[in-house]
């Protein structure tokens, strides 16, 4: 009976993983969409909105980069959220240099709302233009085409949302390699399902929608009390296959500074994973089914290897090992292709090892994050 269950778990895991890797994730990995823009496009005004809490150093780098964008009609709104560093003075100096830079200062956050959502709502409310493009203070556009390409579906195709990718700087070390892997896997989830017309989330580091829509749905109604979710929960409520565009184009990406320590990274990921428990049930299943089949595959496969190894049944041992190896090769190929399509850079190293470690990461950190009550933005 025990051997039967191991084969059953292993088999179910293989089947579901094959569907995810080849069919769902393959939508991003083998994407051949048109990355060009029309010469007759509507160059409607765009406001880039950024919430900043004690981001003096990052804003000093970011603001000049933003005004290098190759787009004729845009301005930048910085929401100075309760900063105690030199942010206010920096913005005053920068506004003298860049006439299209504007700012609003928040001195306190009302008790009934979360800080990031309040800051973002105020920034969007006073934005000059209807097309809103969001990013964070520690992000840098990868190219001068970022504004043009990220906003194109909203400006020209009457889409409500345009969802882009934001990666992290590549640096040496295991932590950074893990961050690259986990970020790419997350992108494969939301970009692939989005390309299959089943969008369920996006990231606030690279997201576009209209101010008119944001105000018409009363901003973050229903999720004000949740720390986080100003991006993924907002899309989870309103995104659909018809109103959402996925921007899979390296020229439309932003890049962020990665966390340098395990403690900083785990704190960040705990906040991200905590929000997931508020997703719609069907969207929880999109992530949960992959992770569940991933666990079945590895636990069933390892169990079979141990069983056949102890029984010295090397023919069966080799068959199981071969299946595990084949799936690892397929996973690596999918990730390499997806990395090239999404970022245009080299994929993480030792993907199959990181995939195995993901087994413990998701179930342990996911459980901790689901039960956490001390989640904060800044």
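Observations on the model:
- Residue match in the stretch 46-59 (condition: part of a loop (DSSP other than H, G, I, E, B), farther than 30 Å from residue 107 by Cα and touching a helix residue (DSSP H, G or I) at 6+ places or on another chain (Cβ under 7 Å)): no
- Summed over the stretch 310-321, residues that are without any contact (Cβ under 8 Å) to a residue 60 or more places away in the chain and under 41 Å from the mean Cα position of the chain (by Cα) total 5.
- Scanning the stretch 125-147 for residues that are more than 20 Å from the chain's Cα centre (by Cα) and crowded, with 21+ Cβ neighbours inside 10 Å yields a count of 2.
- Restricting the first member to the stretch 161-176 and to residues that are under 17 Å from residue 143 (Cα atoms), and the second to residues that are part of a strand (DSSP E or B) and modelled with pLDDT under 95, the beta-carbon pairs closer than 7 Å and six or more apart or on different chains are 166/256; 168/256.
- Criterion: surrounded by 18 or more Cβ atoms within 10 Å (Cβ to Cβ), outside the structural domain of residue 229 (by TED's automatic domain parsing) and modelled with pLDDT of 95 or more - qualifying residue of 14, 50: 14
The values are calculated or read from the model by the stated rules, or taken from the named source; none is laboratory data. Since the model is a prediction, treat every value here as computed from it, not as a measurement. Neighbour counts run over all protein chains shown; Cβ positions are idealised from the backbone, glycine included.
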